[in-house]
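Nothing in this text is a laboratory measurement; each read-out follows from the coordinates by a stated rule. Note that this is a predicted model, so its numbers are computed, not measured. All Cβ positions, glycine included, derive from the backbone under ideal geometry; neighbour counts span all protein chains shown.
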């Protein structure tokens, strides 16, 4: 006859709660990142639409651009 094992469910629930808290922190951080990223994209699209961009097609263009800033 096999012995019946008992487990402490509260131990596992505490672990689950800790993991849920960590995941919530990650989710919160990602939402801030996503919001900032979306705002940055909108600003970039506005700059492009208004012609406030520098296009570097060659290495010399790129070097000249960096030298100018």
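The angle separating the long axis of helix 9-49 from the principal Cα axis of greatest extent in the chain is about 10 degrees. Computed across the stretch 12-68, the Kirkwood radius stands at 15.0 Å (inverse of mean 1/r, all Cα pairs).
When the chain is treated as a Gaussian network with alpha carbon springs shorter than 10 Å, the biggest mean-square fluctuation among 59, 47, 34 belongs to 59.
With respect to the chain, whose longest principal axis is taken over its alpha-carbon atoms, helix 59-68 is tilted by about 90°. The label point for residue 23 and the one for residue 68, both projected 7 Å from the Cα toward the Cβ, are 5.0 nm apart.
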